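Taken together, the values in this text are just the output of simple stated rules run on the coordinates, not laboratory data. Given the structure is predicted, the values throughout are model-derived calculations rather than measurements. In this analysis, Cβ positions are derived from the backbone assuming ideal geometry, glycine residues included, and neighbour counts consider all displayed protein chains.
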Amino acid sequence: MNQTDLEKTAKEMVASGKGLLAADESEKTCQKRFDSVGVECTEETRREYRSLLLTTPDAKDHMSGVILYDETFWQKTEDGDDFRTYLASHGIFPGIKVDKGLVDLPGFPNEKVSQGLDGLPERMENYSKEGAKFAKWRSVITIGEGIPTDACISANAYVLARYARICQDVNIVPMVEPEVLFDGNHSIEKCEEVMAKTFDALFKAMTLYNVFMPGAILKTSMVLPGKDSGTPIDHDDVAQRTVRVLHDHVSSELGGVVFLSGGQTSNDAFINLNRIAKKGPHPWGVTFSYSRALQDPVLKEWAKDRSNKDAVQNLFAKQLQFAGNASKGELDESTLHNDNFVTKSQDL
Ligand code: 13P
């Protein structure tokens, strides 16, 4: 493990005004997204769409890295460059999602654990050799009647910690993502309580399994009222609670903190990040690692006219600029689009 390199990469991933694009949707999730805009979902259309995003001019001004799915990791741009090489040569870190999805946690109805530890050291070694600088592993915590259980939280904390240490052994920065789902009718107080518990278990496990904190990144949800609770999002309350739970329950040694958008509208995801950033200083760089909030309007624009590369890339650049400004607490919220986009599928 090269601690200096890991720490440096983690810091650059959350450098001021920059954040990450999550472009690691599984084939199944891509299928749902493409269906929603009426584009056939094939290996080639996925490549075509992602090629536009990744080659957007000046994306590096606000994009420090991109999380790729295994299929995309090996694909090429229109000019025949491997995406991963193209990104690296443009000052953007290529990352790779490495969990193998969710399975039921036996004995615990409605709870899931993510799988993929078997064979992971060999897979990570190969990704490292091929240029991956960071990785992502997503676990899911669902809030509902009697859940999450301590068993579910600790099972997921354990796999996230094991994965993180395996990444660091091959000098890949692990992004650990315990996503507390937005789905449900829970209160914002409940969400904060569950996130506190989840972070406590996660950092205990990461310490136990010798994870080098400055060389790891937390990818987290924001503290939100459940999507079906009927409670509207109060941006200042979200920011206050999110900052409180992070400051009180996340290791201050960590390399950085990034947020997922989780099914919030693009505007909510940008405004909430802006308000969170304004509450700084924070012990770590804090920024975005969004899929839907960055991509939803862009995917629609692409579906409208796939030959209009400039329109698609200009819109994506605009989304990155909103997010980059928000990560510094410098977003002029009155400039956001009037359209409020949201895509529902949760399974990435
Ligand atoms: P969303 O921003 O759409 O939640 O996706 C981010 C992500 O990578 C979740 O794993």
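Table for the structure above
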read-out	value
Relative exposure of T242, T56, T265, T287, judged by other C-beta atoms within 10 Å (fewest first)	T265, T56, T242, T287
Amide H contacts under 5 Å for I141, placed H, 5+ residues apart	E179, V180, L181
Difference of contour (0.36 nm per residue) and Cα-Cα distance, W74 to K318	85.1 nm
Förster radius 25 Å - calculated FRET efficiency between H337 and D236, Cβ distance, rounded to 0.05	0.70
Taking D58, D200 and counting other C-beta atoms within 10 Å, the order from fewest to most	D58, D200
Nearby aspartates and glutamates by direct alpha-carbon distance to K100 (threshold 18 angstrom, same-chain neighbours under 8 apart not counted)	D24, E25, E27, D70, E71, E111, D118, E122, E125, E177, E179, D347
Extension gain from Y209 to S187, taking 0.36 nm per residue of separation minus the Cα-Cα distance	4.6 nm
Calculated over the chain: convex hull of Cα atoms, volume per residue (Å³)	123 Å³
Efficiency of FRET between N2 and D200 - r from beta-carbon atoms, R0 35 angstrom, step 0.05	0.75
Distance (nanometres) between label positions extended 7 Å along Cα→Cβ at N110 and K129	4.6 nm
Lysine pairs within region 5-83, Cα separation less than 29 Å, 8 or more sequence positions apart or different chains	14
Contour minus Cα-Cα distance for E40 and R244 (0.36 nm per residue)	69.1 nm
Least to most buried among R46, R84 (fewest other Cβ within 10 Å first)	R46, R84
